[in-house]
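**Q** This is the structure I want to talk about, given as structure tokens.
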Amino acid sequence: MQRRTRTAVLAATAAAALSLTACSSGGGGEASDATTARGPITIWYSNNAAEVEWGKQMVEAWNAEHPDEEISAQEIPAGKSSEEVITAAITAGTTPCLVFNNLPAATGQFQKQGGLVDLSSFSDGASYIEERSGATADQYKSADGDYYQLPWKSNPVMIFYNKDLFSAAGLDPENPSLSTYDEFLASAKQIVDSGAADYAINPSPTSEFFQPNFDYIPLFAAQTGGQQIVEDGKATFADDAGYAVGDFWRSVYADDLAGKEKYEGDAFVDGKAAMAIVGPWAIAYYGETIKNWGVVPVPTENGTPADETYTFSDAKSVGMYSSCENQGTAWDVLKFATSEEQDGQLLEVTGQMPLRTDLATTYSDYFAANPSYEVFGDQAARTVEDPTDPEAVAMMQALRDAYTSAIISGDGDVKKALDDAAAKIDGLADQG
Amino acid sequence: MKRLLGAQPIGWLFGAPYLVFAAVVFAYPLGFAVYMSFFDYFFTAPGVDVEKPFVGFDNYVAVLTDPAVLQSFGNVLVFLVINVPLTVVLSIVLATALNRVVHLRTFLRVSYYVPYVTASVALVGVWLFLFGGDGLVNNILGPLAPDPSWLVNPTLAMPTIALFVTWKQLGFYILLYLAALQNVPRELYESASTDGAGAVRSFFSVTVPGVRQATVLVLMLSTVIGANLFTEPYLLTGGGGPNGASASPVLIMYQRGIQQGHPGFAAALGIVLTIAVLIVALLQRRFAGGRDE
């Protein structure tokens with residue numbers, strides 16, 4: 001019997017330990033100074049259909065002109081999330097040269113792992129990034145002031161609304177009253193009270209670290225005129241602007257204007273919610289089912305003109321990984337893939353906004369032909385990114401824990417919860 | 001040499017594959033987890049020289065003083081208090097009943113076993129259909145439905161998960177009991193019947209003592225599996241909500257070790273969890289009477 005107990009305990013321990021060590025083995029290419037080496041490279045891109053289409057044409061265009069430096073491309077391997085797949089690949093030394101799907105919030109962690117190449121180490125690295133993205137590029141710098149990622153594209157999130165449901169609720173669908181918190185709450189209440197939809201809006205109420213990107217952070221960016229939640233190693237939301245955003249969302253949940261339970265499916269598509277906070281990808285996605293939609297910026301406490309309102313970028317960057325042997329080629333591919341021509345292709349094929357300064361004028365023909373995207377193109381100039389600190393994921397989890405507790409569950413004081421989360425984030429920043 | 005290898009040295013050859021397996025899959029990860037728990041450890045790219053300082057018991061202190069961790073242990077205790085007794089009682093009763101049915105025996109056994117072999121992700125969909133805010137259960141209960149609903153109610157979230165896991169795992173434990181029931185001598189039932197015992201008395205006087213070893217196994221397995229709870233709170237309650245009420249220690253290990261890049265903390269938590277399971281298993285062994293005959 002004793003032996004059986006030991007075996008059971010050993011099995012439990014091993015199971016726990018295995019989950020942590022599964023990605024610790026393996027070997028592979030070692031990080032070395034290969035910034036001038038040339039030859040074939042591998043890349044990963046996202047697995048959504050539009051990005052696969054863009055990726056394939058980009059690779060074909062490059063390979064046709066560079067037979068000695070061919071790109072082998074594949075979709076990012078399946079996993080719980082891209083970040084976990086990349087983390088495991090870094091540890092195993094099996095990362096490709098470039099990944100066109102980096103979450104900026106995870107970049108600090110990848111950098112700490114020694115997985116990323118410092119793009120500033122290329123002679124034209126920093127200048128190329130800053131020339132392409134302008135002042136926005138600053139948000140993508142690491143704590144040491146260098147670039148370990150190239151800001152690639154954004155999906156600035158805005159409020160999508162269903163005009164038919166607004167009409168059914170007796171609201172003006174062409175000029176919805178959604179600019180201030182009071183207006184938004186009044187309109188939301190009218191939607192729910194009228195029975196036009198179960199919820200006015202329904203952001204995911206779950207506890208994952210990235211969920212603040214789709215409720216708290218866009219409104220905080222708007223309320224502060226473009227502030228990140230962590231700047232210079234300090235949380236910035238423990239002030240009147242942060243509390244105002246928290247109080248707004250608490251009112252939404254307290255009045256049952258949003259669901260406290262995860263909705264299986266898409267509440268906006270199913271007509272269960274009259275609004276959604278989404279990026280420009282929604283035009284193609286929702287356009288199939290909801291023909292009659294409109295879009296407005298996220299609200300602020302006292303209302304902000306649309307052309308001055310900031311929001312969360314929902315951006316993806318490109319990372320060059322230290323296991324890459326031919327980094328000279330990889331850098332050239334990176335510049336090719338983010339050139340004016342390829343950015344135009346990205347816009348055309350995916351509807352996502354390249355993170356470049358002169359978007360509206362460079363692609364004026366596209367926006368003239370696709371007016372639905374114009375408002376997102378304009379919004380792309382005013383986006384705010386997640387922190388890029390090595391502890392960014394833990395920081396965002398701290399904010400989310402406070403949010404689910406004080407705002408969604410209505411447990412305790414919003415101000416105190418945000419203050420506590422800010423103090424925790426400050427402590428994490430000191431560790432990073 | 002003979003003293004070292006024994007009378008039949010070839011036995012080592014046959015045993016070698018398992019020994020290698022045990023060393024690679026059990027011993028090495030266990031030792032490595034203990035090692036990590038004493039360092040400010042994180043996973044790095046091959047060839048990258050990054051300092052991983054020795055921190056002594058700091059990770060353990062951090063684990064034992066972290067409110068989220070303490071809450072998760074409390075949550076899993078609630079889970080075990082509901083899941084383990086329910087599992088034992090339901091599986092022994094249903095196994096006894098299934099052992100006696102004559103008609104539809106295979107159909108009934110398969111019906112109980114199917115949830116166990118079905119992916120949790122698929123079953124979670126069924127459970128959400130039942131216990132979601134607009135689910136079947138709330139529709140039946142009407143005004144008696146809890147507010148907030150089951151899976152977003154801080155008090156009811158963990159019991160609901162415990163019920164789900166009980167239902168999902170039941171088929172496996174029924175199978176264990178069905179196997180154990182084959183070893184209970186029929187003569188004992190006949191003797192009990194001759195002495196005037198009814199079905200209930202036979203169950204408590206013959207069946208329950210007859211499958212005691214299986215009961216100890218079910219107790220320990222359900223405890224170990226319960227302590228490793230992850231998928232259900234992750235999927236059913238959206239990452240351990242509401243307000244951490246359904247977060248389990250393994251979910252916290254995943255968040256801290258994999259998502260947030262602190263495997264040293266996660267390893268320390270894993271070791272603490274293991275010790276806690278060991279204590280519970282020892283208590284179960286002592287009080288459930290699992291001594292070898």
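The values are calculated or read from the model by the stated rules, or taken from the named source; none is laboratory data. Treat the numbers as computed from the prediction; the structure is a model and nothing was measured. Positions of Cβ are generated from backbone atoms using ideal geometry, with glycine treated the same way; all protein chains shown enter the neighbour counts.
**Q** All but one of (1) at pLDDT 95 or above; (2) within 20 Å of A:Gly225 (Cα to Cα); (3) more than 21 Å from the chain's Cα centre (by Cα) hold for A:Tyr310; state the number of the condition that does not hold.
**A** (3)
**Q** Then there is this: Any residue at all in the stretch A:127-142 that is over 27 Å from A:Ala241 (Cα atoms), modelled with pLDDT of 95 or more, touching a Gly at 6+ places or on another chain (Cβ under 7 Å) and surrounded by 16 or more Cβ atoms within 10 Å (Cβ to Cβ)?
**A** no
**Q** Among the candidates A:Ser409, A:Ser339, which residue alone is more than 21 Å from the chain's Cα centre (by Cα) and either surrounded by fewer than 17 Cβ atoms within 10 Å (Cβ to Cβ) or more than 14 Å from chain B (Cβ to nearest Cβ) (or both)?
**A** None of the others qualify; the one that does is A:Ser339.
**Q** Of all residues being surrounded by 23 or more Cβ atoms within 10 Å (Cβ to Cβ) and of a type in the set (Gly, Ala, Ser) in the stretch B:206-234, which is nearest to B:Gln169 (Cα to Cα)? Just the residue, please.
**A** Ranking the qualifying residues of the stretch B:206-234, first place goes to B:Ser222.
**Q** Which of the residues that make up the stretch B:257-292 are more than 8 Å from chain A (Cβ to nearest Cβ) and either in contact (Cβ under 8 Å) with a residue 60 or more places away in the chain or under 17 Å from B:Asn59 (Cα atoms) (or both)?
**A** B:Gly264, B:Phe265, B:Ala268, B:Leu269, B:Val272, B:Ile275, B:Ala276, B:Val280, B:Gln284, B:Ala288, B:Gly289
**Q** Oh, and also: Please determine whether any residue of the stretch A:150-165 is assigned to a loop (DSSP other than H, G, I, E, B) and on the phi > 0 side of the Ramachandran plot. Full working, then the answer.
**A** Of all residues in the stretch A:150-165, those assigned to a loop (DSSP other than H, G, I, E, B) come to A:155-157.
Restricting the remaining residues to those that are on the phi > 0 side of the Ramachandran plot gives none.
There is no residue in the stretch A:150-165 that is assigned to a loop (DSSP other than H, G, I, E, B) and on the phi > 0 side of the Ramachandran plot.
**Q** Among the residues of the stretch B:101-122, which ones are free of Cβ contacts under 8 Å to residues at least 12 places away in the same chain and part of a helix (DSSP H, G or I)?
**A** B:Arg105, B:Thr106, B:Phe107, B:Leu108, B:Val110, B:Ser111, B:Ala122
**Q** Report yes if some residue within the stretch A:386-398 is in contact with a Phe, Trp or Tyr (Cβ under 7 Å, 6 or more places away or on another chain), away from chain B (no Cβ under 11 Å), crowded, with 18+ Cβ neighbours inside 10 Å and assigned to a helix (DSSP H, G or I); otherwise report no.
**A** Checking the stretch A:386-398: not a single residue is in contact with a Phe, Trp or Tyr (Cβ under 7 Å, 6 or more places away or on another chain), away from chain B (no Cβ under 11 Å), crowded, with 18+ Cβ neighbours inside 10 Å and assigned to a helix (DSSP H, G or I).
**Q** If A:Val117 satisfies every condition in (1) buried (at least 24 other Cβ atoms within 10 Å of the Cβ); (2) within 27 Å of A:Gln211 (Cα to Cα) but one, which is the exception?
**A** Checking A:Val117 against (1) buried (at least 24 other Cβ atoms within 10 Å of the Cβ); (2) within 27 Å of A:Gln211 (Cα to Cα), the one that fails is (2).
**Q** Can you tell me which of B:Gly196, B:Gly125 is in a helix (DSSP H, G or I), small (Gly, Ala, Ser) and surrounded by fewer than 18 Cβ atoms within 10 Å (Cβ to Cβ)?
**A** On the way: B:Gly196 fails: in a helix (DSSP H, G or I).
It is B:Gly125.
**Q** Scanning for something farther than 21 Å from B:Val78 by Cα, within 14 Å of chain A (Cβ to nearest Cβ) and surrounded by fewer than 16 Cβ atoms within 10 Å (Cβ to Cβ), does the stretch B:95-105 turn up at least one residue?
**A** Among the residues of the stretch B:95-105, not one is farther than 21 Å from B:Val78 by Cα, within 14 Å of chain A (Cβ to nearest Cβ) and surrounded by fewer than 16 Cβ atoms within 10 Å (Cβ to Cβ), which makes the answer no.
**Q** For B:Ala33, state whether it is under 22 Å from B:Pro249 (Cβ atoms), more than 8 Å from every other protein chain (Cβ to nearest Cβ) and either in a helix (DSSP H, G or I) or out of contact with any Asp or Glu (no Cβ under 6 Å at 6 or more places or on another chain) (or both).
**A** Criteria not met by B:Ala33.
**Q** Residues in the stretch A:346-381 that are assigned to a loop (DSSP other than H, G, I, E, B) and either aromatic (Phe, Trp, Tyr) or under 27 Å from A:Pro205 (Cβ atoms) (or both): how many?
**A** Residues that pass the stated criteria total 2.
**Q** If you check B:Gly241 against the conditions, is it touching a residue at least 60 places away in the same chain (Cβ under 8 Å), facing chain A (nearest Cβ under 7 Å), part of a helix (DSSP H, G or I) and more than 13 Å from the chain's Cα centre (by Cα)?
**A** Against the criterion (touching a residue at least 60 places away in the same chain (Cβ under 8 Å), facing chain A (nearest Cβ under 7 Å), part of a helix (DSSP H, G or I) and more than 13 Å from the chain's Cα centre (by Cα)), B:Gly241 does not qualify.
**Q** If you go through the stretch B:138-177 one residue at a time, how many are among the charged types (D, E, K, R) and assigned to a helix (DSSP H, G or I)? Full working, then the answer.
**A** Quick first cut of the stretch B:138-177, residues among the charged types (D, E, K, R) only: B:147, B:168.
Among the residues that remain, those that are also assigned to a helix (DSSP H, G or I) are: B:168.
Residues flagged as among the charged types (D, E, K, R) and assigned to a helix (DSSP H, G or I) within the stretch B:138-177 amount to 1.
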